[in-house]
Amino acid sequence: MNLEHLQTLGNIVEHGSLSAAARAMRVSQPAVTKQLQRLETELGVALLVRGPKRQAVLTPAGERVMTFARDTMAAFAGMKQELAVLTTMSGGVLSVAASTIPGEYLMPGLLAAFRQEYPAIKVEMTVTDSSDVVERLLADEVDVGVVGTAVQRAGLRLDHLVGDEVVLVVPAEHEFAGRQLVTVEELGGQRIMQREAGSGTRRSVESALAVAGYGDAAWNEVLVLGSSQAILQAVQQGLGVGFVSARAAADAVAAGRVAVMGIAGVDLSRTLYLAYLPRRIGDPLLARFIEFARARYGDEEMAKRAKNEPLASAHTGP
């Protein structure tokens, strides 16, 4: 089947008549008529009702063919766009900024898979806190970011990438170990270690507490540390308890070095976001990476939901 003939049918329907379609296509009306006749001959059906006013009225068969034509032309345009992206991605640099959790636990695998498909692309990644990721994006210092909190800034777009969960981490021998939940009040007597103020993990905890009505909870904060691994190490050394992503805690939990739990009445689930500037989405490299990331982690979450598995599974206890 000739795609040009399908496009001609679409032009006839769009413009209302063969003569109007011919003018829009800048060809003669007999040329349009001939293409329509060839399409009808190939399919063996009449596509338009012929009338004295020469208006484009589709037959029932024509309606069906027109639906096929729209789908086919849309798919063809999409393929051309993908091929155009491939031809422009023979080289280039993709700069990424990620907050700690996605930077350490999501992006290495994602970027490795992306470079496997596009080996000529050089990727540079900076791991920092969520606030700094956003500032770098707004300053056009990086192409795309991944953050652990919904930072609202003018000109910034956040797309859901993947789910996550923040957990309370305690030493393996701690009095809380083996429990699934502790209360906010019980934390009042603990030495609390937290991430820095710009951290997505800290913002997520503070936001969840506020939503649950504990925005004024007063804790004994003994340390502010710049990474989840630093908090995990400090917890293992018995310096206190702290909040980290379940993804970060998973290996230490599996090894029996720490225990994790949730906070009663507080929803510590969160979203990790893909962050970018919509005004730059015309960059083929950026657009392809965003599409690639969405597809990879969208498939991952759909598979987990199909199995009815939690997005983060570091919880232990009865």
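The values are calculated or read from the model by the stated rules, or taken from the named source; none is laboratory data. Predicted model, so just to flag it, every value in this text is computed and none were measured. So basically every Cβ, Gly included, is an ideal-geometry build from the backbone, and we count neighbours across all protein chains shown.
With respect to Gln29, is the statement that it is of a type in the set (S, T, N, Q), over 15 Å from Met73 (Cβ atoms) and either surrounded by 14 or more Cβ atoms within 10 Å (Cβ to Cβ) or modelled with pLDDT under 90 (or both) true? Yes, satisfied. Looking across the stretch 129-150 at every residue that is part of a strand (DSSP E or B) and in contact with a Gly (Cβ under 8 Å, 6 or more places away or on another chain), the one that is surrounded by the most Cβ atoms within 10 Å (Cβ to Cβ) is identified as Val147.
Among the conditions (1) at pLDDT 90 or above; (2) closer than 27 Å to Tyr214 by Cβ; (3) within 23 Å of the chain's Cα centre (by Cα), the only one that Met125 does not satisfy is (2).
Restricting Ala154, Ala177 to residues that are out of contact with any Leu (no Cβ under 6 Å at 6 or more places or on another chain) and either more than 21 Å from Arg280 (Cα to Cα) or at pLDDT 95 or above (or both) narrows the list to Ala177. Of all the residues in the stretch 3-43, those that are in contact (Cβ under 8 Å) with a residue 24 or more places away in the chain, in contact with a Ser or Thr (Cβ under 9 Å, 6 or more places away or on another chain) and not aliphatic (A, V, I, L, M) number 1. For Ile101, state whether it is in contact with a Gly (Cβ under 6 Å, 6 or more places away or on another chain) and either under 30 Å from Leu232 (Cβ atoms) or modelled with pLDDT of 90 or more (or both). Here the answer is yes, as Ile101 does meet what is asked. Looking at Val85, is it modelled with pLDDT under 90, among the hydrophobic types (A, V, I, L, M, F, W, C), crowded, with 18+ Cβ neighbours inside 10 Å and not in a loop (DSSP other than H, G, I, E, B)? Judged against the criteria, Val85 is not a match.
Residue check: is Leu137 in the same structural domain as Phe289 (by TED's automatic domain parsing) and under 16 Å from Gly163 (Cα atoms)? No; evaluated as a whole, the condition is false for this residue.
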